[in-house]
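Before any comments, here is the structure.
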Amino acid sequence: MERYLILKDGTVFRGEAIGASGTVIGEAVFTTAMCGYLMTLTDPSYYGQIVAHTFPMIGNYGAIEADSESAQPRLAGYVVRELCGAGSNFRKEGELDDYLKRKGIVGIAGIDTRALTRKIRSSGVMNAMICDDVKNLPQKLAAIKKFKVERAVEETSCASACTVNVSDAEHKYKVVLYDFGAKLNIERELISRGCAVVRVPFDTTAEQALAYAPDGIMLSNGGGNPAVNTAVIAEIAKLCKSGVPMFGICLGHQLMALANGASTVKLKYGHRGGNQPVKDLVTGRTYITSQNHGYAVKGASVDPAIAAVRFVNANDKTVEGIDYLNAPAFSVQFHPEACGGPKDTEFLFERFIKLMEEYHAGR
């Protein structure tokens, strides 16, 4: 069955239908990740976006729901060059196309994803539609142009607070994890290091978070424009004054920067994939990182009396990490929990543990 990808500028790609039936509108982006497509599909940071893989074949190891980073995919649509119909893996539970249908994900295969990527890189991310025909194209284009990614954090955060690993034995530290659309591997990394993790909704106040008597506060990844979350930013500003160690990842990094007077900007086409080089300005070492974001902190807006830029992207020099001077806090734009992607920066969790150890000892 034929299916079409229509871009905001009127460009039309013809391919074949995969996944669920229907019509979807979203912001078209691309990821350069060569593996971990289940993690891509279930990363809540892709809320409202039509995600295209630059890697040509997707689905070669089928569907394995245990690899999911959230309970339900949040992306708007899915684009691949070639969808493998006979995945091979001893853990496989079914084919990827069946998974897409089961999860209600509308997709398209068989298009020139190289041409799509080149267009996004030259023109910037743009709205798009996946549909089954190109009839009434002017009306479709009008609907595409009106679309806007909204309420990303509200729609992907948990509904209520819960202790993630309540049945586990001894815990050295308690971490309050703000869920802005958190990937599951963030809590897995904390649990593996002896932490009790309390996941809380995005609108949890500073007072409510501190009432758990945490040893540390983690600000998770998430989707959408960070600057629209004004109420959340105000609460993070209060938490920064509490003295409790804080660690922000991706959207959490941006929100912490905004809470400390910095500003953010939308990137032309963002950083999405598992091969982004990041330089540590303190050690001079460069790490290969997993990333998924469309906004960045403006380096010039970081007050040197409050914070210091620690990491920068080796390609475009955008801010990738900040160390705070006014609080036991730091943040990174990339994903140290990876999954999928390189594990080069997992040591940042150890840094967070060290901060909690010092805080705990001084209580």
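The values are calculated or read from the model by the stated rules, or taken from the named source; none is laboratory data. Fair warning: this is a prediction, and the values are worked out from it, not measured in the lab. With ideal geometry, Cβ positions are generated from the backbone for all residues, glycine too; neighbour counts draw on all protein chains shown. The accessibility values were calculated without ligands, DNA or RNA, using every heavy atom of the protein model including side chains. Shrake-Rupley method; radii C 1.70, N 1.55, O 1.52, S 1.80 Å.
Some points to look at:
- Taking the criterion of being touching a Ser or Thr at 6+ places or on another chain (Cβ under 7 Å) and in a loop (DSSP other than H, G, I, E, B), the only residue of the range 325-335 that qualifies is Phe334.
- Checked against the criteria, Asp133 does not count as of a type outside the set (Ser, Thr, Tyr) and surrounded by 24 or more Cβ atoms within 10 Å (Cβ to Cβ).
- Positions within the range 219-237 being among the hydrophobic types (A, V, I, L, M, F, W, C) and surrounded by fewer than 22 Cβ atoms within 10 Å (Cβ to Cβ), in sequence order: Ala227, Val228, Ala231, Ile233, Ala234, Ala237
- Residue tally, condition touching a residue at least 24 places away in the same chain (Cβ under 8 Å) and farther than 23 Å from Arg74 by Cα, over the range 237-264: 19
- In the condition set (1) under 27 Å from Arg74 (Cβ atoms); (2) part of a strand (DSSP E or B); (3) open to solvent by 20 Å² or more (accessible area, probe 1.4 Å), Gly321 is compliant with all but (3).
- When each of Glu95, Glu27 is tested for being farther than 22 Å from Leu116 by Cα, touching a residue at least 12 places away in the same chain (Cβ under 8 Å), of a type in the set (Asp, Glu) and in contact with a strand residue (DSSP E or B) (Cβ under 8 Å, 6 or more places away or on another chain), the lone residue that passes is Glu95.
- Of note, Thr345 satisfies the criterion of being closer than 30 Å to Ala196 by Cβ and polar (S, T, N, Q).
- The one condition from (1) closer than 24 Å to Glu358 by Cβ; (2) open to solvent by less than 40 Å² (accessible area, probe 1.4 Å) that Gly274 does not meet is (1).
- Qualifying residue in the range 282-298 (condition: in contact (Cβ under 8 Å) with a residue 40 or more places away in the chain, open to solvent by 50 Å² or more (accessible area, probe 1.4 Å) and under 18 Å from the mean Cα position of the chain (by Cα)): yes
Residues checked against (1) buried (at least 16 other Cβ atoms within 10 Å of the Cβ); (2) in a helix (DSSP H, G or I); (3) touching an Asp or Glu at 6+ places or on another chain (Cβ under 7 Å):
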{"residue": "Lys145", "(1), (2), (3)": "no, yes, no"}
{"residue": "Glu150", "(1), (2), (3)": "no, no, no"}
{"residue": "Ala159", "(1), (2), (3)": "no, no, no"}
{"residue": "Lys174", "(1), (2), (3)": "yes, no, yes"}
{"residue": "Leu177", "(1), (2), (3)": "yes, no, yes"}
{"residue": "Ile186", "(1), (2), (3)": "yes, yes, yes"}
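- Only one of the numbered conditions (1) open to solvent by 70 Å² or more (accessible area, probe 1.4 Å); (2) in contact (Cβ under 8 Å) with a residue 24 or more places away in the chain is not met by Phe90, and that is (2).
- Selection count where residues are open to solvent by 10 Å² or more (accessible area, probe 1.4 Å) and within 18 Å of Gly224 (Cα to Cα), scope the range 118-130: 3
- Just one of the listed residues (Phe13, Phe55) is over 24 Å from Glu337 (Cα atoms), open to solvent by 20 Å² or more (accessible area, probe 1.4 Å) and either touching a His at 6+ places or on another chain (Cβ under 8 Å) or of a type outside the set (D, E, K, R) (or both), and it is Phe13.
- Test for Arg121: is it of a type in the set (Lys, Arg), modelled with pLDDT of 95 or more and under 22 Å from the mean Cα position of the chain (by Cα): yes
- Candidates Ala20, Ala66 - the one that is of a type in the set (A, V, I, L, M), out of contact with any Phe, Trp or Tyr (no Cβ under 9 Å at 6 or more places or on another chain), under 30 Å from Arg199 (Cβ atoms) and open to solvent by 40 Å² or more (accessible area, probe 1.4 Å): Ala66
- Test: Ala305 is over 23 Å from Ala33 (Cα atoms) and either among the β-branched types (Val, Ile, Thr) or open to solvent by 40 Å² or more (accessible area, probe 1.4 Å) (or both): yes
- Qualifying residue in the range 162-175 (condition: touching a residue at least 60 places away in the same chain (Cβ under 8 Å) and not basic (Lys, Arg)): yes
- Any hit, the range 198-218, residues being outside any loop (DSSP other than H, G, I, E, B), open to solvent by 10 Å² or more (accessible area, probe 1.4 Å), aliphatic (A, V, I, L, M) and touching a Lys or Arg at 6+ places or on another chain (Cβ under 6 Å): no
- Selection from the range 336-358 of residues that are more than 19 Å from Thr286 (Cα to Cα) and outside any loop (DSSP other than H, G, I, E, B): Phe352, Ile353, Lys354, Leu355, Met356, Glu357, Glu358
- Scanning the range 270-322 for residues that are among the hydroxyl-bearing types (Ser, Thr, Tyr) and within 16 Å of Ala259 (Cα to Cα) gives Tyr295, Ser301.
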